[in-house]
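Participant: After the structure tokens below, expect a handful of questions from me.
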Amino acid sequence: MPIRLLIADDHTILRAGLSSLLNAEPEMEVVGEAFDENSAVSQAVEKHPDVILMDISMPNSGGIEATRRIKELVPEARILILTVHEDKGLMQEGIRSGAMGYILKRAVKSELINAIHTVMRDELYLHPAMARLLLLENPTPALEVAGPISDPLTSREIEVLRLIAQGYTNNRTAEILNLSVRTVEYHRSNLTDKLNLHSRVDLMRYAEEKGLI
């Protein structure tokens, strides 16, 4: 079965280009297009696509509000924000609204295809430029760990923790940080030992409590 896609963008030429590009992929099929918030919601309810490519800047209340509404009506919807905005605040608001990814329109085809496959696996995808923005804008001082282990986390461990908490696999974390997968695995092992937290959910909660994501 192909991955069924809905494209929500107010630019007709862009929608046509994306539709042509994605329909050329044998494992993908564009089943609907939307030009504003209301049509995005109605198409999502009617078509039940596997993945929705959602622009932020659309008529009415825009893509973030459309994301909220769709997640209320179609909770299983996987929404991938596709935008020109390299804005950390918009990215965080989109993720909080229920989106599973944030990719820039300047991305090359292979990045978009990878992003679609990533959210299909129910994993979070962030464009590498946005992931780096998070790392650069947030300082990485050593954190004191509560509990019986008092060793602080190193700056590198915090970087790895942030990306793990955002849903990245070890392979993607290694790519973003320019590390080997083995090195990421080493830092992840240190994290779980120091924090005594072994599941991704627990690591996400810890990172959120510490203001890292």
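The values are calculated or read from the model by the stated rules, or taken from the named source; none is laboratory data. Computed from a predicted model, the values in this text were never measured in an experiment. Methodologically, a virtual Cβ is constructed for each residue, glycine included, from the backbone with ideal geometry; neighbour enumeration extends over all protein chains shown.
Participant: Pairs, please: C-beta under 9 Å, at least 6 apart or cross-chain, first residue acidic (Asp, Glu) and in the range 55-83, second part of a strand (DSSP E or B)?
Facilitator: Pairs that qualify, where the first residue is acidic (Asp, Glu) and the partner is part of a strand (DSSP E or B), are ASP55/ILE7; ASP55/ALA8; ASP55/ILE81; ASP55/LEU82; ASP55/THR83.
Participant: Right, another one. Can you name the number of the only condition in (1) at pLDDT below 85; (2) closer than 22 Å to LEU18 by Cα; (3) among the hydrophobic types (A, V, I, L, M, F, W, C) that ILE103 fails?
Facilitator: The number of the failed condition is (1).
Participant: Before we move on, is ALA66 surrounded by 16 or more Cβ atoms within 10 Å (Cβ to Cβ), under 24 Å from PRO2 (Cβ atoms) and touching a strand residue (DSSP E or B) at 6+ places or on another chain (Cβ under 6 Å)?
Facilitator: Judged against the criteria, ALA66 is not a match.
Participant: Hey, another quick one. Just one of GLU33, GLU76 is at negative phi and assigned to a strand (DSSP E or B); which is it?
Facilitator: Step by step, each of GLU33, GLU76 is checked, and only GLU33 is at negative phi and assigned to a strand (DSSP E or B).
Participant: Does ALA40 meet the test of being farther than 24 Å from GLN166 by Cβ, assigned by TED's automatic domain parsing to the domain that holds THR118, over 14 Å from the mean Cα position of the chain (by Cα) and free of Cβ contacts under 8 Å to residues at least 12 places away in the same chain?
Facilitator: So ALA40 does not fit the description; no.
Participant: In the range 9-30, what residues are at pLDDT 95 or above, within 14 Å of LEU80 (Cβ to Cβ) and not in a helix (DSSP H, G or I)?
Facilitator: MET28, VAL30
Participant: Specify which of the listed residues (GLU159, GLU175) is crowded, with 18+ Cβ neighbours inside 10 Å, outside the structural domain of HIS117 (by TED's automatic domain parsing) and in contact (Cβ under 8 Å) with a residue 24 or more places away in the chain.
Facilitator: Selected residue: GLU159, the only one of GLU159, GLU175 that is crowded, with 18+ Cβ neighbours inside 10 Å, outside the structural domain of HIS117 (by TED's automatic domain parsing) and in contact (Cβ under 8 Å) with a residue 24 or more places away in the chain.
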